[in-house]
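Q: Before we start, here is the structure in question, set down as structure tokens.
The values are calculated or read from the model by the stated rules, or taken from the named source; none is laboratory data. Please read these numbers as outputs of a predicted model, since none were measured by experiment. Using ideal geometry, Cβ is built from the backbone for each residue, glycine included, and neighbour counts are taken over all protein chains shown.
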Amino acid sequence: MPTDSLFKPLPLAGRPETVSVTLNGSALQVPVGTSVAAGLLSAGVKRFRNSPVSGEPRAPFCMMGVCFECLLDIDGAPNRQSCLVELKEGMVIRTQDGMRDLLVGLDESAQNGRNQHGV
Amino acid sequence: MAYDAHPGITPSRPVQSVDIAIIGAGPAGMAAAIAARRHGASVALFDEQPATGGQIYRGITQVTSARLDILGPDYGEGATLASSFATSGARHLAGAAVWQVTSERLVHFLQEGRVQSLQANAVLLCTGAMERPFPIPGWTLPGVLTAGAAQIMLKGSGMAPTSPAVLAGCGPLLYLLGWQYVRAGVPIAAIVDTTDGGDYRRAIRHVAGALAGWQYLKKGLELMATLKKAGVPFYKGATNLHVLGKDSATGIGFESGGMSRTIDTSLVLLHQGVVPNTQFSWSLRAGHIWDEVQLCWSPVTSKWGELDVPGVYVAGDGGGIGGARVAALQGEISGLAAAAQCGHLPLATRDQLAAPLRADIRKNLSIRPFLDALYQPKKANRVPADGTIVCRCEEVTAGDIRSYVELGCTGPNQAKSFGRCGMGPCQGRQCGLTVTEVIADARGVPPTEIGYFRIRPPIKPITLGELAREA
Amino acid sequence: MRSNVSMENSDLIVIGGGLVGSALAYGAARQGAKVTLLDEGDQAFRASRGNFGLVWVQGKGYGMTPYARWTRSSASLWPTLAGLLQEETGVDVHLQQPGGFCFCFSDAELEERRSKMQAIQDELQGDYPFQMMTSLEVVDRVPAIGRDVVGASYTPMDGHTNPLKLLRALHAANLKHGVNYVSGQAAREITCQGDGGERRFTVAGRFQAPRVVLAAGLGNRDLAEQLGIHAPVVPNRGQVLVGERTARFLDYPTLNVRQTDEGTIQLGDSMEEVGFNDNVTTDVLANIAQRGVRTFPVLSSLRLVRAWGALRVMSPDGFPIYQESVKYPGAFVTTCHSGVTLAAAHAFRVAPWITGSAVKPAEIEVFAGDRFMNPNYQPSHAH
């Protein structure tokens, strides 16, 4: 575990089993049996998102689903409360930097399929 | 306006039904389910977590003996409840986020991306407590978490701080966490305690109750002794708390013993008590009173826990802070009442079974006045200075709220419309109490006259697409 | 008892501190009138806090041409209002008037829309710019539009603003202009003393003025009776969904979806007659959600943050009521359900009429409350 992470597993039952996930495209080893938020904290992730109001960095606060600070994009679904999501091998995780852009990924073909009402 | 409003209402689809729907799998919810099932009622219990236990018994179904040793015997009590629940025959909807409970007792929930609803004859809100907001400068920085969060890391994931953390605030949970860290061999940078001489003097008046709850007292004293023996640095009567750092926490500053102090740390764990999680009860427009001692809102209930919304009950910390044992007892009482309401046991039996439980509750509550007096959170940490952020989601400061009052805002809903405090994703959970108290303080009237945010569904997030599928 | 209470005198008492009352107070105060503004408390129904923020012209006044004119007049005065408020209070209400869309989901719907818009244009002798657009034309302006949308009506006259900031700005401006704002003051009783130039209205036994205007929304119904005016308004519930903030995806206001200046997304709306009940219901919200996703499929994964219901102040024909009491001249009632769109007209054209420095605007002559007492009155409904 990185030495600058805030939390680490207690050495109770030997080395914990870890799995691999990606965060913003980079591979990360995180312990199993945790929430995504807990896992990322132990992997040294300090910033989970930026406040949409000021852009200031935010990270988990309550770990029980009442503060909404731990929001991450998990496997393509944005704004997941990562403290309530069980971490699984292979998850694709992205921090939420700035506001969502809904227009990204607008399907070109969907626009072209409008020809029936073109007249 | 609605020139093209959708005509008509969608035809009603058949909805599944159940006798009793319980929201929350903590001690109150589990105990209620067990009691109701014992009398043959059908029960569905909803919780967002994958396993039972709520927050206080978080991780109880997966706990190892090594972890039990660290967490202590009180935590272990949850195991009995959890296993009784598992064999009770109640339907457990895990990973289910309830996003609305209507006054007609229809429960709307989201599970694995699917929206569904369940009609109940009785609904038990056992949503427990959450940490009281602790608005001090810097509290929104990464690296600042609640003591409860740290406990969840410990219970749920077996994780502890990498480098020494500062525990700041007051209340039994803070010291309990410290004690658990000591037992686990985790170094603590310091406990910065806001409790001062005045608190002790106030609490002494309730010492009779404290002595009646002597087991709690004994536990507390033992706990403090362990902390002292372990040499954990202790600062008393701390004031002017503020977290230092720019992009993340680098330390905490405060005043104690007449001196200004700074402790370097990258992890600050804040706690100044817990308060009832009242999102559902407020969303039902149930009556609430302002508890002058616990400084929070409590739903008004009958002695069976029923709200002024018929068929909806509250049990456990969600109705007023009493602790895990009291929560289980209240859950059992409300479970009996709900089962009786559904016709599964005669009222006389219900009364008979409830009587010894009530006596037990009284006994377990005897310590509360003492604890509530001793650990009442300081006004400066509830009604902060102008520059401190009150609404984390929308970054509204105490000064902003005071300026709305000057503009003529009389309460939190007007303040919300003027400044967006309470409009963010947490829907007022982290700021509601502070907003009420800041406005009360600015207007010079008691909080009970100020009221609270109007709480609306969705109580938990749901996407537009998910909601559209319910149509 | 009365003799012990010291009267607070002013030139005009405005009853109701919502968008209508605040705009009237502002207009009157700007003219130099000494105004008292009475407002209820934090838990009041407050249509002003529950609206879409549209400054909307298209489609209004179908079958009631004066209303179309009145609405257009207000929309054209809106930039003045926004500019003055910014200047006087520093609050930017984010008025934007880029034109607006009303989307249609079938050819039949599109044709019905077209004929309605055409009828209004004809009534106004062509002075009513609008364009019927095909879906391809819509996509050009609104890239995120879904394929279920077959076309739209567009007019350059439409816009939107931030209604909460508007209310806050009006509050601040009123304070600046010396309006006596009294909150937590429900007005139940209005009495009239004296005659002609000596006539005085007394409200709540404490506030006195030669002129009084009822802008109390649903409360106007009962208060108006005391002043000999017929204002049979009833509540009409609208429900709205609010989604999280996103980067800008929609540059135009539309009838059912708009993106606010802060980036949050609002979806509406509905009309129900359910009495004084401003709760939300899942069935209606689900319908709103479904329509929203059909209109903008990209919104499917949008996280919903909040849902609310609010009560419109609805007259039997849906059009406003502006009337001076015949029995008690100097007493007025003003009620509408488009307090945002009409805010400018209220401030600059209704307020002078109420303070007595101008005649009643021509367009609103027809909106006396008495029209509902005529059994032969049959307008086509505003909706």
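Q: Filtering region C:49-70 down to residues that are at pLDDT below 90 and facing chain B (nearest Cβ under 8 Å), which residue is nearest to C:Gln185 (Cα to Cα)?
A: Only one residue tops the list, namely C:Arg49.
Q: Tally the residues that are among the hydroxyl-bearing types (Ser, Thr, Tyr) and more than 14 Å from chain B (Cβ to nearest Cβ), restricting the search to region C:174-225.
A: 2
Q: Looking only at region C:118-136, how many residues end up being of a type outside the set (S, T, N, Q) and facing chain A (nearest Cβ under 9 Å)?
A: 1
Q: Can you tell me which residue is nearest to B:Gly451 (Cα to Cα) among those in region B:379-412 that are without any contact (Cβ under 8 Å) to a residue 60 or more places away in the chain and of a type in the set (S, T, N, Q)?
A: Within region B:379-412, the match that is nearest to B:Gly451 (Cα to Cα) is B:Thr410.
Q: OK, next. Out of B:Gly424, B:Gly444, B:Gly419, report the one residue that is away from chain A (no Cβ under 11 Å), buried (at least 22 other Cβ atoms within 10 Å of the Cβ) and not hydrophobic (A, V, I, L, M, F, W, C).
A: Only one candidate passes the filter, namely B:Gly419.
Q: Continuing with this model, one more query. With the condition kept exactly as written, say whether any residue in region C:125-135 is modelled with pLDDT of 95 or more, of a type in the set (D, E, K, R) and more than 22 Å from the chain's Cα centre (by Cα).
A: No, region C:125-135 contains no residue that is modelled with pLDDT of 95 or more, of a type in the set (D, E, K, R) and more than 22 Å from the chain's Cα centre (by Cα).
One line per residue, one yes/no per condition, for (1) within 14 Å of chain B (Cβ to nearest Cβ); (2) more than 17 Å from C:Asn256 (Cα to Cα); (3) touching a residue at least 60 places away in the same chain (Cβ under 8 Å):
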{"residue": "C:Gly21", "(1), (2), (3)": "yes, yes, yes"}
{"residue": "C:Gly27", "(1), (2), (3)": "no, yes, yes"}
{"residue": "C:Asp39", "(1), (2), (3)": "yes, yes, yes"}
{"residue": "C:His94", "(1), (2), (3)": "yes, yes, yes"}
{"residue": "C:Gly99", "(1), (2), (3)": "no, no, yes"}
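Q: Is region B:238-257 home to any residue that is touching a Leu at 6+ places or on another chain (Cβ under 8 Å), within 14 Å of another protein chain (Cβ to nearest Cβ) and among the aromatic types (Phe, Trp, Tyr)?
A: No, region B:238-257 has no match at all.
Q: Quick one: count up the residues across region C:258-315 that are touching a residue at least 40 places away in the same chain (Cβ under 8 Å) and either in a loop (DSSP other than H, G, I, E, B) or facing another protein chain (nearest Cβ under 10 Å) (or both).
A: Residues meeting the conditions: 35.
Q: Taking the residues in region B:142-189 that are buried (at least 22 other Cβ atoms within 10 Å of the Cβ), at positive phi and modelled with pLDDT under 95 as candidates, determine which candidate is farthest from the chain's Cα centre (by Cα).
A: B:Gly158
Q: Is there a residue being away from chain B (no Cβ under 14 Å) and farther than 17 Å from C:Ser73 by Cβ anywhere in region C:333-349?
A: Looking through region C:333-349, at least one residue is away from chain B (no Cβ under 14 Å) and farther than 17 Å from C:Ser73 by Cβ.
Q: So C:His346 clears everything in (1) surrounded by fewer than 21 Cβ atoms within 10 Å (Cβ to Cβ); (2) assigned to a helix (DSSP H, G or I) except one condition, right? Which one?
A: (1)
Q: I'm checking my understanding of the structure. Among residues of region C:193-220 that are in contact with a Leu (Cβ under 9 Å, 6 or more places away or on another chain) and among the β-branched types (Val, Ile, Thr), which one is farthest from C:Trp353 (Cα to Cα)?
A: C:Val203
Residue-by-condition table, conditions (1) of a type in the set (Val, Ile, Thr); (2) touching an Asp or Glu at 6+ places or on another chain (Cβ under 9 Å); (3) farther than 28 Å from C:Asp148 by Cβ; (4) not in a helix (DSSP H, G or I):
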{"position": "C:Pro66", "(1), (2), (3), (4)": "no, yes, yes, no"}
{"position": "C:Trp70", "(1), (2), (3), (4)": "no, yes, yes, no"}
{"position": "C:Ser73", "(1), (2), (3), (4)": "no, yes, yes, no"}
{"position": "C:Thr80", "(1), (2), (3), (4)": "yes, no, yes, no"}
{"position": "C:Glu88", "(1), (2), (3), (4)": "no, no, yes, no"}
{"position": "C:Ala108", "(1), (2), (3), (4)": "no, no, no, no"}
{"position": "C:Gln118", "(1), (2), (3), (4)": "no, no, no, no"}
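Q: Inside region A:46-68, can you point out the residues that are in contact with a Ser or Thr (Cβ under 8 Å, 6 or more places away or on another chain), assigned to a loop (DSSP other than H, G, I, E, B) and surrounded by 21 or more Cβ atoms within 10 Å (Cβ to Cβ)?
A: A:Phe48, A:Ala59, A:Pro60, A:Phe61, A:Cys62, A:Met63
Q: Please go through region C:1-48 and pick out each residue that is at pLDDT 95 or above and of a type in the set (Val, Ile, Thr).
A: C:Ile13, C:Val14, C:Ile15, C:Val20, C:Val35, C:Thr36
Q: Residues that are surrounded by fewer than 18 Cβ atoms within 10 Å (Cβ to Cβ) and either more than 14 Å from chain A (Cβ to nearest Cβ) or not hydrophobic (A, V, I, L, M, F, W, C) (or both): does region C:156-168 have at least one?
A: Within region C:156-168, one or more residues are surrounded by fewer than 18 Cβ atoms within 10 Å (Cβ to Cβ) and either more than 14 Å from chain A (Cβ to nearest Cβ) or not hydrophobic (A, V, I, L, M, F, W, C) (or both).
Q: Any chance you could count how many residues in region A:69-99 are of a type outside the set (A, V, I, L, M), more than 17 Å from B:Pro50 (Cβ to Cβ) and touching a Phe, Trp or Tyr at 6+ places or on another chain (Cβ under 9 Å)?
A: So the answer is 4.
Q: Within region C:368-382, identify whether any single residue is closer than 30 Å to C:Thr281 by Cβ, part of a loop (DSSP other than H, G, I, E, B), modelled with pLDDT under 95 and in contact with a Phe, Trp or Tyr (Cβ under 6 Å, 6 or more places away or on another chain), and answer yes or no.
A: The answer is yes, given that some residue of region C:368-382 is closer than 30 Å to C:Thr281 by Cβ, part of a loop (DSSP other than H, G, I, E, B), modelled with pLDDT under 95 and in contact with a Phe, Trp or Tyr (Cβ under 6 Å, 6 or more places away or on another chain).
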